[in-house]
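The values are calculated or read from the model by the stated rules, or taken from the named source; none is laboratory data. As the structure is a prediction and not an experimental result, all values here were calculated from the model. Every residue, glycine among them, receives a Cβ derived from its backbone with ideal geometry; neighbour counts consider all protein chains shown.
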Amino acid sequence: MIILWSCKTSKNITETPVPFENLGQGALYGNGKEGFLPKLYVIDNPTEWAEFLQKMNTVNDESKKLKTTQIDFDQKMVLALFDRVLGSGGAKIQIEKITETPDEIHVYARHIAPQGSIGTMVMNQPYHIISTKKINKKVVLLMDK
């Protein structure tokens, strides 16, 4: 007897790839003083973006590491994924792909362990920031554990 088990629903939902531009990937070193919770931030207007950048620069000028901070929010939105504050360095968080369904935007991401056996002992908070076309749908983060 063969039993097949799936967690997916029986609906056939079409997912269309959404291209995105990498703005920056790294880590904050303020031991959480920047105040970012571990989650996906959706930024779709210049006011939120300015506040985000100011918060990001609370301890260090981290926004200088971004490819650009000039975003046309009439056409684009920014997605910023933050991990929790970690006690050792070398780990990353990465947005792998984005897809669009009729009702939602799916952001697929994963944690990347440090290379080698032991990371450096430093408090840090990995992040990945991208821009993509502006889509007015619910954004769902799907993390690969």
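For region 39-51, give me each residue that is touching a strand residue (DSSP E or B) at 6+ places or on another chain (Cβ under 8 Å) and either farther than 26 Å from VAL122 by Cα or surrounded by 14 or more Cβ atoms within 10 Å (Cβ to Cβ) (or both). Selection gives LEU40, TYR41, VAL42, ILE43, ASP44, TRP49. When PHE82 is tested against (1) modelled with pLDDT of 95 or more; (2) surrounded by fewer than 17 Cβ atoms within 10 Å (Cβ to Cβ); (3) among the aromatic types (Phe, Trp, Tyr), just one condition goes unmet, and that condition is (2).
Yes/no per residue for (1) among the β-branched types (Val, Ile, Thr); (2) part of a strand (DSSP E or B); (3) more than 18 Å from PRO19 (Cα to Cα):
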| residue | (1), (2), (3) |
| --- | --- |
| ILE93 | yes, yes, yes |
| THR99 | yes, yes, no |
| TYR108 | no, yes, no |
| VAL122 | yes, no, yes |
| VAL140 | yes, yes, no |
| MET143 | no, yes, yes |
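If the condition is being of a type in the set (A, V, I, L, M, F, W, C) and in a helix (DSSP H, G or I), then region 25-74 contributes TRP49, ALA50, PHE52, LEU53, MET56.
Which of the residues that make up region 129-144 are of a type outside the set (A, V, I, L, M) and within 21 Å of GLN75 (Cβ to Cβ)?
Filtering region 129-144 down to residues of a type outside the set (A, V, I, L, M) leaves 131-134, 136-138, 144.
Matches in region 129-144: SER131, THR132, LYS133, LYS134, ASN136, LYS137, LYS138.
Residues considered: HIS128, HIS111, HIS106. Of these, the only one that is in contact (Cβ under 8 Å) with a residue 24 or more places away in the chain, surrounded by fewer than 16 Cβ atoms within 10 Å (Cβ to Cβ) and closer than 17 Å to TYR41 by Cα is HIS111.
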